[in-house]
């Protein structure tokens, strides 16, 4: 059975190679497509993938099967996509870490721009600066003033080195000009628990994770990280408008294929993805989970990567951030 499957897969790959790209795209897909998420189930990337997979599969005409391949901050799963055949049957979904990880990892298992072909943006989500009840600061301005009066005395919890919790906080420190100690945890749950418990003063969790704790009064929300206020917390200002002009951070989600994937296949994947992301039912489901659908062209997705890769490399170098 395994031998037959391997022979069939090899025959399909050979047929794809012999067909002109445009002809192959007309028959593509003729079997399920794998969508690799480079993290364990239950995280934000996994949630986004499962929010779109059913509808995207319907638009393509074949099932889109989500597979979780966790490891090395997402690099294991992305590397699997990069090294897969460029036939459109193995694609991936990654967060902004696609632009951050090369700056943190000296020996990457793939080259982001050379080995991957962006298909399109999928969604974005915000983080929120929260403090526990014991912190006297009631606003972002007051927190910045407190941090400047006690350099290196305040601390923040992250979901781990290189996580979006971590990078949003380091960007905040750089733009606000403050010194706050980073305390990495193994995941967002423990980081939030210790923020609530007072072991650390603050954190930058995703909005959906913090919403319940803010509503119950266990945490105080001072500002959201994005360029505009969030409908999940409409009364909470952005960090930029609350006292740190120039600050903005969003977690984005992008889908991509191996670089060798034919352009007509990329175009078909992008067109069907765009149709899914502009459907009101999908937009509503995303909004309930704290995400905003952000469809784009493949060129726009690549341009975002090209812009952000050097920006994160600069921040990582200036802040002396390492993956260890």
Segment 155-222: proportion of alpha-carbon pairs further apart than 20 angstrom, %: 20 percent
Across the alpha-carbon set of the chain, Rg over Rh with Rh taken as the Kirkwood radius works out to 1.01
Could you work out the relative contact order of segment 182-277? I mean the mean sequence separation of Cα pairs under 8 Å and 6+ apart, divided by the number of residues, in percent. 14 percent
The helix 263-277 Cα axis meets the longest alpha-carbon principal axis of the chain at an angle in degrees, between 0 and 90 and rounded to 10, of 50 degrees
Please give, to one decimal in nm, the separation of the simple spin-label points placed at residue 174 and residue 83, each 7 Å out from Cα toward the Cβ. 3.1 nm
Residue 228-residue 148 pseudo-label distance in nm [points 7 Å out on the Cα-to-Cβ vector]: 3.1 nm
Can you tell me the length gained on complete extension of the stretch residue 263 to residue 72, counting 0.36 nm per residue apart and subtracting the Cα distance? 65.8 nm
Could you order the peptides 295-302, 114-121, 60-67, 228-235 from most to least packed, using the average number of other C-beta atoms within 10 Å per residue? 114-121, 295-302, 60-67, 228-235
On a full-extension model of 0.36 nm per residue, what is the gain between residue 279 and residue 193, subtracting their alpha-carbon distance, rounded to one decimal in nm? 27.3 nm
Expressed as a whole-number percentage, the relative contact order of the chain with C-alpha contacts under 8 angstrom and at least six residues apart is 26 percent
CD proxy, 222 nm, the chain: helix-only mean residue ellipticity via -39,500 (n - 2.57) per DSSP H run with n ≥ 4, per residue, nearest 500, stands at -14000 deg cm²/dmol
With just the Cα atoms defining each centre, how far is segment 238-310 from segment 184-208? Give it in Å. 26 Å
Would you mind calculating the relative contact order of segment 128-224 from Cα pairs under 8 angstrom and at least 6 residues apart, reporting the percent as a whole number? 46 percent
Regarding segment 49-157, what are the three Cα extents along the principal axes, ordered largest first, in Å? 57, 35, 20
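No lab work stands behind these numbers, since they all come straight from the coordinates. Just so it is clear, the structure is predicted and the values come from calculations on it, not from any experiment. A quick note on method: Cβ atoms are made from the backbone with ideal geometry, for glycine too, and the neighbour counts reach across all protein chains shown.
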